[in-house]
C-alpha cells in the first residue's frame, strides 16, 4: 500500500511513502498425487516473505479438514524463504491445504486401493529379471523331464 503526500503544486513535489508490510506466500512444492490407502506420504512446502518488512505468521497444513501440522510464530525477513515437510498416513482421498493469513494453496490426493503382492514385488530391484530366469529354468527342467 502507498500513501501520497503533496508538498507543492507540481508533479515533482509529490512524495510517495510505501507502507512496510510482510506478505507470506505459501507453496506446496512436492507431494504424491496418487497414494495407496493406509500408506504414508510426504508433502513438502515452502513459505516466502514477498513483502517489504519482516513479519511473523502461523502456517497451517490441513488434510481433509484435519489440521496435520501448525508452524507457529514463523518469522521471515523480506525475501526470506522457509521450507518444511510433513509425513502422514493416508486414509482416503481428498485435499491438502496450506494456508496462513495472507495466502493459501490446495492440491488433491487420489487414494488407490491397497496394492497387491505383485505390485509390491515389482518394486524390488531386478524382480523382472529374476522371474524371467526362473521361467527359463522351469522350462528347461520340464523339457529335460520329457526326454
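The values are calculated or read from the model by the stated rules, or taken from the named source; none is laboratory data. Since the structure is predicted, the reported quantities are computational estimates derived from the model, not experimental observations. Every residue, glycine among them, receives a Cβ derived from its backbone with ideal geometry; neighbour counts consider all protein chains shown.
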- Task: Give the residues of the stretch 32-56 that are at pLDDT 95 or above, surrounded by 15 or more Cβ atoms within 10 Å (Cβ to Cβ) and under 15 Å from the mean Cα position of the chain (by Cα), sorted by residue number.
- Result: 43, 45, 46, 47, 48
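Does residue 2 satisfy being more than 21 Å from the chain's Cα centre (by Cα), at pLDDT 90 or above and more than 30 Å from residue 113 (Cβ to Cβ)?
Values: more than 21 Å from the chain's Cα centre (by Cα): yes; at pLDDT 90 or above: no; more than 30 Å from residue 113 (Cβ to Cβ): yes.
So residue 2 does not fit the description; no.
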- Note on the structure: By residue number, the members of the stretch 57-90 that are in a strand (DSSP E or B) and loosely packed, with under 12 Cβ neighbours inside 10 Å are 66, 67, 70, 72, 73, 83, 87, 89
